[in-house]
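The values are calculated or read from the model by the stated rules, or taken from the named source; none is laboratory data. All figures in this text were calculated on a predicted structure; none of them were measured in a lab. No Cβ is skipped: glycine too gets one built from the backbone with ideal geometry, and neighbour counts run over all protein chains shown. Only protein heavy atoms, including side chains, enter the accessible area calculation; ligands, DNA and RNA are left aside. Shrake-Rupley method; radii C 1.70, N 1.55, O 1.52, S 1.80 Å.
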Amino acid sequence: MRMHLLVAATLAAAGCSEVSTGDCDAMQEDFTLDPQITAARLKELLTEFGATDPAELDCDAVCTSLYRRGDKSSWEVIVTSCTLSIADDAMGDPAGTIACDGEAAEYYCLGRRPLGHIEHSLADAGLPTFLAHCARLEAASVLAFSQLAERLQLWGAPAALIARCRQAAAEEASHAEILGALAREAGATVLPATQHDIPVDIAAAARDNAIEGCVHEAWSALSCAVTARGAATPALRAAFARLAADEAGHAQLAWDLHTWFLGQVTTYQRSEIVAAQRAAIAGLPALARAQSRAAPPALALPDGRLATRFAIGLARAA
Ligand SMILES: [Fe+2]
Ligand SMILES: [Fe+2]
């Protein structure tokens, strides 16, 4: 699914190229296009977008299409400005010009809480308590991936996906250790992750993955990358750089799981899952603003503006 690339594009746009992302290295560039759109090319674009009138063409979509021609068909594109003008050419046929700027990235890679997770309040937490909270969430992610691997086995999922979930659980365990050590050094106590025992069928797991994995872990990857650059101390920056690399991989895993899950549920369930995912994407900016307000300034968490940009890109690709 090409939406994976959007996460990478936003990561790259956030400047995370300074963060090691393991196998998820991104190629990115800013671009400017200002080609003439000949009458013949305009006909191709109308066919591509199923339009009959040039006025129906969306400038961003045309810009993206033109950028991807050649060897960049899989690149993810965010258009930042676009002007499309159509007028009759010398032969009396409609033709035009387009001028657009944007960012593109070739990529891909993208906290997950277990179903039934019991939340703890973060009201007025200082840095030690906040780190302890993060460590607890990382421990919750260990449960989430371990339980998911067990369920996937029961549901006959591909062995590679199950293995990747087990690998992710191991990575989450190391995240819990890293952040737990930082929290304890600062004097905080890390509480264990807890959850209610609830029944989970494949549709519930698919819906949870679509939101907790595809949306929230993707945002987590981006958020960690930003903190890795801007946090107040080298120890925090190093810790979050490690998390950013792994979380990007977990988000990729979530989208790969999403593809498999959508093939296992009914048409109605699929529609409901997709709608819930869209709602989670739409809610991301508000979530980011709340996280940013709750987090200590020392972590330099990204604000709602970056989340808005990310959500727009994710929604376009979803
Ligand atoms: Fe994690
Ligand atoms: Fe994760």
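Given the conditions (1) surrounded by fewer than 18 Cβ atoms within 10 Å (Cβ to Cβ); (2) modelled with pLDDT under 95; (3) within 14 Å of ligand 1 (Cβ to nearest atom), and given that Arg113 satisfies all but one, which numbered condition is not satisfied?
Result: Arg113 fails condition (1) only.
Can you go through Ala235, Ala245 and tell me which one is out of contact with any Lys or Arg (no Cβ under 6 Å at 6 or more places or on another chain) and within 16 Å of ligand 1 (Cβ to nearest atom)?
Ala245
For the stretch 174-203, which positions are part of a helix (DSSP H, G or I), of a type outside the set (S, T, N, Q) and surrounded by fewer than 16 Cβ atoms within 10 Å (Cβ to Cβ)?
Passing the criteria: Glu177, Ala181, Arg184, Glu185.
When both residues are 6+ apart or on different chains and their Cβ atoms are under 7 Å apart, which pairs have a first residue that lies in the stretch 260-287 and is in the same structural domain as Arg207 (by TED's automatic domain parsing), and a second that is open to solvent by 60 Å² or more (accessible area, probe 1.4 Å) and assigned to a helix (DSSP H, G or I)?
Listed by first residue and then by second, the contacts come to Leu262/Arg270; Ile273/Arg207; Ala276/Arg207.
Among the listed residues Leu182, Leu152, identify the single one that is within 26 Å of Asp303 (Cα to Cα) and modelled with pLDDT of 95 or more.
Result: Leu182 is the single residue among Leu182, Leu152 that is within 26 Å of Asp303 (Cα to Cα) and modelled with pLDDT of 95 or more.
So which of Leu257, Leu299, Leu284 is modelled with pLDDT under 85 and closer than 25 Å to Ala168 by Cβ?
Leu284
Of the residues in the stretch 148-190, how many are away from ligand 1 (no atom under 16 Å from the Cβ) and β-branched (Val, Ile, Thr)?
2
What is the residue count in the stretch 236-278 for residues that are within 21 Å of Ser292 (Cβ to Cβ) and either away from ligand 2 (no atom under 15 Å from the Cβ) or touching a His at 6+ places or on another chain (Cβ under 7 Å) (or both)?
Counting residues in the stretch 236-278 that are within 21 Å of Ser292 (Cβ to Cβ) and either away from ligand 2 (no atom under 15 Å from the Cβ) or touching a His at 6+ places or on another chain (Cβ under 7 Å) (or both) gives 3.
Between Thr267, Thr308, which is under 29 Å from Val79 (Cα atoms) and either within 16 Å of ligand 1 (Cβ to nearest atom) or not basic (Lys, Arg) (or both)?
Thr308
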